[in-house]
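Asker: My questions will all concern the structure given below.
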Amino acid sequence: MRSKMSIAGHPIHPQIIPFPIAFTFGAALSDLLHLWRRSDTWYNVSTWSVLLGTIGGAAAAVPGAIDFFTSLTVGAHRPAAIHALLNGSFIGTNSVNAAMRVSGRARSGRGLATALMMTAIGAGLLGVSGWLGGDIVYRHGVAVEPAPPHKHRPGDPREPWQIAA
């Protein structure tokens, strides 16, 4: 079923989601580098990555929610609801993480340990949610426009599925 939130037939939600994914896993990597090198640079990279991942996740949630309410096929409601709950949990976890980092409470000690754990939890939530999102698209056909059928030309020895459009 075609997405209601699209530009020139291309769904918006899948165009936005690479950004929060990249920022979130970048934050996890820069957190590890911060632990290893004890560098403020890597802490700042993590802080910005968490903040931008949260903003990107919230931006992706808007077209995702519109697709949820307007473009779901019958079998996709349950996985889409779980996908939405995981993404909401990700945005909530990352929002607290970003607030801790920006305020400076995550620079050392328990605050840093909490922020690192929240980054790992956010990455885990996003990983599972992304897998479910792929399942919603590839298994249930949400936000996918069916390809037009290929026409078999008389006298062509190839099977219809072998003929390029």
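Each value in this text was obtained by applying a stated rule to the coordinates, not by laboratory testing. Quantities reported herein were computed from a predicted structural model and do not represent experimental measurements. No Cβ is skipped: glycine too gets one built from the backbone with ideal geometry, and neighbour counts run over all protein chains shown.
Asker: Being crowded, with 18+ Cβ neighbours inside 10 Å and part of a helix (DSSP H, G or I) is the filter here; which residues of region 96-117 pass it? Break it down stepwise before answering.
Answerer: Just the residues of region 96-117 that are crowded, with 18+ Cβ neighbours inside 10 Å, to begin with: 97-98, 100-101, 106, 112, 115-116.
Passing the criteria: Asn97, Ala98, Met100, Arg101, Leu112, Ala115, Leu116.
Asker: Taking into account only those residues within region 33-74 that are hydroxyl-bearing (Ser, Thr, Tyr), under 21 Å from Gly133 (Cα atoms) and buried (at least 19 other Cβ atoms within 10 Å of the Cβ), which is farthest from the chain's Cα centre (by Cα)?
Answerer: From region 33-74, those hydroxyl-bearing (Ser, Thr, Tyr) are 39, 41, 43, 46-47, 49, 54, 70-71, 73; that's our starting set.
Filter again for under 21 Å from Gly133 (Cα atoms), leaving 54, 70-71, 73.
Narrowing further to those that are buried (at least 19 other Cβ atoms within 10 Å of the Cβ): 54, 71.
Details: Thr54: 11, Ser71: 18 Å.
Residue satisfying both the conditions and the ranking: Ser71.
Asker: Still on this model: Go through (1) touching a residue at least 40 places away in the same chain (Cβ under 8 Å); (2) farther than 18 Å from Leu32 by Cβ; (3) in a helix (DSSP H, G or I) one by one and return the number of the condition Ala84 breaks.
Answerer: Unmet for Ala84, out of (1) touching a residue at least 40 places away in the same chain (Cβ under 8 Å); (2) farther than 18 Å from Leu32 by Cβ; (3) in a helix (DSSP H, G or I): (1).
Asker: If you don't mind, another one. Pairs under 6 Å by beta carbon, first residue under 16 Å from Leu51 (Cβ atoms) in region 102-121, partner surrounded by 13 or more Cβ atoms within 10 Å (Cβ to Cβ) and polar (S, T, N, Q), six or more apart or different chains?
Answerer: Hits for this filter: Ala115/Asn97; Met118/Thr93; Met118/Asn97.
Asker: Of all residues in region 122-131, which are in contact (Cβ under 8 Å) with a residue 40 or more places away in the chain, crowded, with 17+ Cβ neighbours inside 10 Å and aliphatic (A, V, I, L, M)?
Answerer: Ala123, Leu126
Asker: Spot the failing condition for His13; the list is (1) surrounded by 22 or more Cβ atoms within 10 Å (Cβ to Cβ); (2) of a type outside the set (Phe, Trp, Tyr); (3) out of contact with any Pro (no Cβ under 8 Å at 6 or more places or on another chain), and only one is missed.
Answerer: (3)
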